[in-house]
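Engineer: Got a structure here, written out as structure tokens. Questions coming.
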Amino acid sequence: MDEKIRELFATLLRVSPEEIEDQTSPASLARWDSLQHMIVVAGFEEEFGVDLDPEEAVEMYRDFATFKRIVRQRMESRR
Amino acid sequence: MAKSVFTGVRVSGVAGAVPKAAVNNLTDHHFCPIEDRKKIVALTKVESYRKAPPEICASDLCLAAAETLLSGLGRQPGEIDAIVFATITPDYRVPSTACVLQHRLKCRTTVIAYDISMGCSGYVVGLYNACSLIKGGGLKRVLLLSGDTQTKLCCDQDKNVVFILGDGGTATLLEADAGAGDIVIEVMTDGGRFQNLYVPAGGFRRPSTEETRQVREQPDGGMRSEEHLYMNGMEIFKFSVTDVVKTLASFMEAERLSPDDVDQLFLHQANWFMNDKIVKKLKFPPEKVPYTIGFYGNTGSASIPLTMAHHFSRQGSAARERCLLSGFGVGLSWGVASMMVDGVFAPPIVELA
């Protein structure tokens, strides 16, 4: 699951997966700006069929580890 | 609390005008890779927007809307008691463009006319002013003009804003009418966050210099000068989906309004992704939320009335609908208004070449 999230994140952001690590953040990855972040969030919503809360979308902008955690939590809460 | 109930004020008509020239977000903006353009359009739903040529200002768009409105309602300019112009793109720094419009509209000189320097909340703040002039000032007719040429505020290479901001102007006529229902308006302000959406230089705090006019890559990756509009996208997103939602929710609770009681929710046309989050958080059915962002973009102070004009011009004048309006943006400033719209006159949107 973690790898799937990383690959989708990289695809939506249009960067290589190798650039995405847990500590990757908007501060360390120039491409990850607010506009691209919303595109990525929308992409995850479409891929996984979920509607993320706006507060979650904001929190996910912290770093990739947080992004991953919230996606996993959402997937688990669907089961 | 800046919340007021205005009894006996009627919204008689609302009209809009846009530039004829359109920008297509998929085929224009060649500085941005096509894959990015597609994703931005899919996210914001702004396929195109209108862009005014250099010689057309927001005041020209509002003037066209006002002339169409007054003519259609059978009102003479001489019957107007006040002109309120909500805009962040005035003709001049001095005087208020509303004064110039008094002359251009051929209104009497025995009117009050002034600008309100408000952007996306401008229509709601403008409504507050117009209603106050009628109820508190005893005026009979107030022409509320609300419009912006935001394309002139942004750098055409700043991907953060250039895909979203468009140009538009509107005119709304408010009249004293003892039989009209209540208009309830609440406005909020947080100037502590003003730097999340502003033009940093060119005013008196930081006057214009050769340096401030220079277009260069900024810390957030956007290409613009310090005299172009800057937006901290994530902070504005956070503001919109928390503060604005909270104010709308508490307003509805105080007014005992549920989504079932509201016929139309007119939100400032910020961007579709963000607005959809607001709509879902408030549990509004999508069919009650009209949009014009897909073809007019985010027109600042014009966006709410332009969407209303578009909606009601299609509904016809027989519509009687409970409307909830919310504008939010520069300031930071945000507001909510509730009104019953009953038989409003709304002509087709004018296009100005």
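The values are calculated or read from the model by the stated rules, or taken from the named source; none is laboratory data. Quantities reported herein were computed from a predicted structural model and do not represent experimental measurements. Backbone-built Cβ (ideal geometry, glycine too); neighbour counts: all protein chains shown. Ligands, DNA and RNA are excluded from the accessible area calculation, which covers all protein heavy atoms including side chains. Shrake-Rupley method; radii C 1.70, N 1.55, O 1.52, S 1.80 Å.
Engineer: Scan the stretch B:296-308 and tell me whether some residue there is within 14 Å of chain A (Cβ to nearest Cβ), among the hydrophobic types (A, V, I, L, M, F, W, C) and either open to solvent by 10 Å² or more (accessible area, probe 1.4 Å) or over 20 Å from A:Met38 (Cβ atoms) (or both).
Structural biologist: No, the stretch B:296-308 has no match at all.
Engineer: Another one. When you go through (1) in contact with a Ser or Thr (Cβ under 9 Å, 6 or more places away or on another chain); (2) open to solvent by 20 Å² or more (accessible area, probe 1.4 Å); (3) within 12 Å of chain B (Cβ to nearest Cβ) one by one for A:Pro17, which number turns out not to apply?
Structural biologist: (3)
Engineer: Can you go through B:Val184, B:Val161 and tell me which one is touching a residue at least 24 places away in the same chain (Cβ under 8 Å), surrounded by fewer than 24 Cβ atoms within 10 Å (Cβ to Cβ) and assigned to a strand (DSSP E or B)?
Structural biologist: Testing whether each residue is touching a residue at least 24 places away in the same chain (Cβ under 8 Å), surrounded by fewer than 24 Cβ atoms within 10 Å (Cβ to Cβ) and assigned to a strand (DSSP E or B) leaves just B:Val184.
Engineer: Another question, if that's okay. Please find, within the stretch A:56-75, the residue that is farthest from the other protein chains (Cβ to nearest Cβ) out of those that are among the β-branched types (Val, Ile, Thr) and within 10 Å of the chain's Cα centre (by Cα).
Structural biologist: The qualifying residue farthest from the other protein chains (Cβ to nearest Cβ) is A:Val71.
Engineer: In this structure, does B:Asp220 turn out to be in contact (Cβ under 8 Å) with a residue 24 or more places away in the chain, touching a Lys or Arg at 6+ places or on another chain (Cβ under 7 Å), within 11 Å of chain A (Cβ to nearest Cβ) and at negative phi?
Structural biologist: Criteria not met by B:Asp220.
Engineer: Which residue pairs have Cβ atoms under 7 Å apart, sit 6 or more places apart or on different chains, and have a first residue in the stretch B:318-338 that is open to solvent by 10 Å² or more (accessible area, probe 1.4 Å) and a second that is of a type in the set (S, T, N, Q)?
Structural biologist: B:Glu321/B:Gln264; B:Gly331/B:Ser121; B:Gly331/B:Thr189; B:Trp334/B:Ser121; B:Trp334/B:Thr247
Engineer: So, one more: So in the stretch A:5-14, with the set limited to residues that are more than 11 Å from chain B (Cβ to nearest Cβ) and among the charged types (D, E, K, R), which one is least open to solvent (accessible area, probe 1.4 Å)?
Structural biologist: Per the stated criteria, the residue is A:Arg6.
Engineer: Additional query: Applying the selection to the stretch A:27-55, what residues are assigned to a loop (DSSP other than H, G, I, E, B), more than 8 Å from chain B (Cβ to nearest Cβ) and surrounded by fewer than 21 Cβ atoms within 10 Å (Cβ to Cβ)?
Structural biologist: Scanning the stretch A:27-55 gives A:Ala27, A:Ser28, A:Leu29, A:Arg31, A:Gly49, A:Val50, A:Leu52.
Engineer: Quick check on my filter: what residues within the stretch B:190-199 are open to solvent by 30 Å² or more (accessible area, probe 1.4 Å) and not charged (D, E, K, R)?
Structural biologist: B:Gly191, B:Gly192, B:Phe194, B:Gln195, B:Tyr198, B:Val199, listed by residue number.
Engineer: Here is a further query. Exactly one condition in (1) modelled with pLDDT under 90; (2) surrounded by 14 or more Cβ atoms within 10 Å (Cβ to Cβ); (3) aliphatic (A, V, I, L, M) is not met by A:Met1; state its number.
Structural biologist: Evaluating A:Met1 over (1) modelled with pLDDT under 90; (2) surrounded by 14 or more Cβ atoms within 10 Å (Cβ to Cβ); (3) aliphatic (A, V, I, L, M) leaves (2) as the failure.
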